[in-house]
1. Got a sec? Which of L365, L369, L348 is within 15 Å of the ligand (Cβ to nearest atom), under 24 Å from Y202 (Cα atoms) and either modelled with pLDDT under 95 or surrounded by 15 or more Cβ atoms within 10 Å (Cβ to Cβ) (or both)?
2. Can you say whether L325 is more than 19 Å from the chain's Cα centre (by Cα), within 16 Å of the ligand (Cβ to nearest atom) and within 25 Å of E111 (Cα to Cα), as far as the supplied structure shows?
3. Output the residues belonging to region 346-367 that are part of a loop (DSSP other than H, G, I, E, B), more than 15 Å from L154 (Cα to Cα) and hydrophobic (A, V, I, L, M, F, W, C).
4. Quickly run through region 124-144 and pick out the residues that are part of a loop (DSSP other than H, G, I, E, B) and either more than 16 Å from the ligand (Cβ to nearest atom) or in contact with a Gly (Cβ under 6 Å, 6 or more places away or on another chain) (or both).
5. Any idea which residue in region 232-277 is modelled with the lowest pLDDT, counting only those that are hydrophobic (A, V, I, L, M, F, W, C) and within 25 Å of S34 (Cβ to Cβ)?
6. Could you tell me which of the residues Y242, Y280 is in the same structural domain as V214 (by TED's automatic domain parsing), away from the ligand (no atom under 16 Å from the Cβ) and of a type in the set (S, T, Y)?
7. Please go through (1) part of a loop (DSSP other than H, G, I, E, B); (2) modelled with pLDDT under 95; (3) of a type in the set (D, E, K, R) for E111 and return the number of the only condition it doesn't satisfy.
8. On the basis of being touching a helix residue (DSSP H, G or I) at 6+ places or on another chain (Cβ under 8 Å) and of a type in the set (V, I, T), does V157 make the cut?
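The values are calculated or read from the model by the stated rules, or taken from the named source; none is laboratory data. Not measured: the values here are computed from a predicted model. When we count neighbours, we look across all protein chains shown, and the Cβ atoms used for this are built from the backbone with ideal geometry, even at glycine.
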Amino acid sequence: MKSRPNAFSTQVIHAGEQGCQADNAIFPPIYTSSTFVKRNLDDKPDFAYGRVGNPTRHAYESCIAELEGGSGAVACASGMAATAMVMELLPKDSHVIVMSGVYGGTFRLLEDYRSHSSGITASYVDLNDLNAVAAAWRENTRLIWIETPTNPLLQLVDLAPIAKFAKSKAILSCVDNTFCSPWNQRPLGYGVDLVMHSASKYIGGHSDLIGGVVVAADAQLAGRLKKIAMALGGVQGPFDCYLALRGVKTLDVRMERQCANALQLARWLQTCPLVEQVFYPGLASHPQFALCQQQMRTGGAVVSIKISADRQQINRFVESLSLFLLADSLGGVESMINHSSSMSHCSLTAEQKEAMGISENLLRLSVGLEQVEDLIADLEQAFGSIR
Ligand SMILES: Cc1ncc(COP(=O)(O)O)c(C=O)c1O
């Protein structure tokens with residue numbers, strides 16, 4: 001009999017239904033079979049057809065569901081496929097209240113696609129301003145889309161009051177938990193209905209897969225998501241589910257080290273003359289430091305900075321780096337740097353970027369597993385190249 005709940009570091013190894021159906025393998029095998037054989041017309045095996053269910057996918061989904069404290073999960077082909085699946089829960093012509101400064105891809109989905117195909121409209125508000133949220137609410141509001149911390153400016157949303165507001169209006173709430181992973185933040189514990197991840201980031205953790213996952217707090221919602229996944233078909237393939245589950249096994253140790261590196265780096269960046277501003281919720285100078293301490297385990301592994309440099313100098317800066325790799329993604333074991341204005345947020349207009357604070361001199365650092373002194377030395381010599 002269990003005397004106490006398992007720690008997260010234990011859960012990442014054993015969570016979910018990872019027991020192998022064949023050969024007592026210690027790690028769930030990659031089941032490539034697209035279809036499964038029935039013994040007779042009355043046979044109802046657990047798995048029948050790969051789009052509907054696959055044992056490797058099931059092992060991964062059940063693991064993530066448990067890590068997030070949910071009732072069920074659906075693994076999708078990408079983070080955006082996961083977001084699109086959540087939108088499918090909404091009736092036609094729904095209105096969604098969205099955290100301002102949300103990930104550019106989510107903004108694009110809502111503005112350029114969902115608005116045409118499903119008649120979804122969205123209002124972008126600071127979800128920490130409950131008066132603004134109440135003012136944005138309409139009769140047809142069906143979902144609050146929360147991203148915390150936001151990408152790339154690392155603003156947080158206080159989850160408990162916003163989940164309470166959603167419940168009072170009997171509407172859904174969903175957190176994009178990509179930047180935290182369940183290691184750093186578990187939104188369902190605050191009364192939120194759904195959690196979504198781009199598993200391409202910390203869950204996979206090795207920059208070698210594209211994937212998304214949605215976790216539902218209650219079984220009924222999880223059941224609806226599974227039906228939607230079956231109908232839409234954008235589920236994750238068994239090879240990528242295997243990679244994602246393999247990544248999860250080391251999530252605890254990776255996050256611990258990456259977040260510790262990020263904190264040390266953020267503190268150092270505050271002392272750099274060419275750094276105008278450091279965005280990191282784990283710093284006492286961050287306006288939501290208290291909320292970070294209450295809601296997150298650490299400030300995370302992403303640090304954003306604004307530096308005193310023009311575009312030409314920023315180009316020289318990123319070219320001078322040898323460990324920080326200029327890349328679109330984040331969350332891997334290797335450190336990466338991103339120029340939000342020309343990369344992650346390039347599809348926004350100049351006005352939209354300005355409204356969101358995405359300036360030309362903003363850089364997002366995804367801090368990896370390298371020795372932090374090496375990372376600091378790398379940045380130091382790159383600053384030297386533009387001094
Ligand atoms: C916060 C956030 N949500 C969602 C996504 C989309 O995920 P994917 O690229 O796996 O579709 C990303 C990708 O960068 C992201 O950063």
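1. L365
2. no
3. Of everything in region 346-367, those that are part of a loop (DSSP other than H, G, I, E, B), more than 15 Å from L154 (Cα to Cα) and hydrophobic (A, V, I, L, M, F, W, C) turn out to be C346, L348.
4. Of everything in region 124-144, those that are part of a loop (DSSP other than H, G, I, E, B) and either more than 16 Å from the ligand (Cβ to nearest atom) or in contact with a Gly (Cβ under 6 Å, 6 or more places away or on another chain) (or both) turn out to be D126, N128, D129, W137, R138, E139, N140.
5. The extreme case among them is L232.
6. Every option except Y242 fails the conditions.
7. Of the numbered conditions (1) part of a loop (DSSP other than H, G, I, E, B); (2) modelled with pLDDT under 95; (3) of a type in the set (D, E, K, R), the odd one out for E111 is (1).
8. No; evaluated as a whole, the condition is false for this residue.
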